[in-house]
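Notes for the one structure printed next.
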Amino acid sequence: VLMCYHNIYRSYSWLGGHADGEIDLLKVALKEAKEESSLTSIAPVTEEIFSLESLTVNGHIKRGEYVSSHLHLNLTYLLQADEREVLHIKEDENSSLKWFTFEEALKASTEEWFVERIYPKLNEKVKRYFARR
């Protein structure tokens, strides 16, 4: 699992971003993953939405501006990449990129809700997906 150390939340988390009006959400997921990691080998395992969550985001400072509490509708796509490819951080968003095992990823994140509910659900779903293949 590739995760970035997210500067705003001070935690390792999945790569991603906002759609900003783009209707092709897989295209957004690929663009954001490439921008945040510099990986060029990223490709979808499947073009179907892998998971959908409604997430609360507490108020925070972003680029010097206060952003009030809000909801994120989070769509997850299952992507793959060559883990031997060199990673480069996106300095305005993250300060580290690292490949983790499923178990290591749970320990790397400090976001309780994700560690207790979201990441275990996604990890199990990935395992089931590949077990069927």
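Of note:
- Some residue of the range 39-59 being surrounded by 14 or more Cβ atoms within 10 Å (Cβ to Cβ), in a helix (DSSP H, G or I) and under 13 Å from the mean Cα position of the chain (by Cα): no
- Inside the range 43-91, residues that are farther than 27 Å from LYS121 by Cβ and in contact with a Gly (Cβ under 7 Å, 6 or more places away or on another chain) make up a count of 2.
- Check on LEU39, closer than 26 Å to VAL86 by Cα, in contact (Cβ under 8 Å) with a residue 24 or more places away in the chain and not aromatic (Phe, Trp, Tyr): yes
- Criterion (in a loop (DSSP other than H, G, I, E, B) and exposed (fewer than 10 other Cβ atoms within 10 Å of the Cβ)) met by exactly one of GLY21, GLY16: GLY21
- Taking the criterion of being under 20 Å from ASN123 (Cα atoms) and modelled with pLDDT under 95, the residues of the range 13-42 that qualify are SER13, TRP14, LEU15, GLY16.
- Contact map, the range 54-75: first residue of a type in the set (Val, Ile, Thr), second residue part of a loop (DSSP other than H, G, I, E, B), Cβ cut-off under 8 Å, separation 6 or more or different chains; pairs are THR56/SER69; VAL57/SER69; ILE61/ILE8; VAL67/GLY59.
- Filter pass, LEU73 being part of a strand (DSSP E or B) and at pLDDT below 95: yes
- For the range 84-94, the set of residues classified as surrounded by fewer than 14 Cβ atoms within 10 Å (Cβ to Cβ) and either of a type in the set (A, V, I, L, M) or closer than 22 Å to ASN74 by Cβ (or both) consists of VAL86, ASP92, listed by residue number.
- Subset tally (residues that are without any contact (Cβ under 8 Å) to a residue 60 or more places away in the chain, over 18 Å from TYR5 (Cα atoms) and either aromatic (Phe, Trp, Tyr) or in a helix (DSSP H, G or I) (or both)) for the range 77-122: 4
- For the range 96-113, a residue qualifies if it is surrounded by 15 or more Cβ atoms within 10 Å (Cβ to Cβ) and over 16 Å from TYR9 (Cα atoms), and exactly one does: PHE100.
The values are calculated or read from the model by the stated rules, or taken from the named source; none is laboratory data. A quick note: this is a predicted structure, and the numbers were derived from the prediction, not measured. Note: ideal-geometry Cβ built from the backbone for every residue, glycine included; neighbour counts use all protein chains shown.
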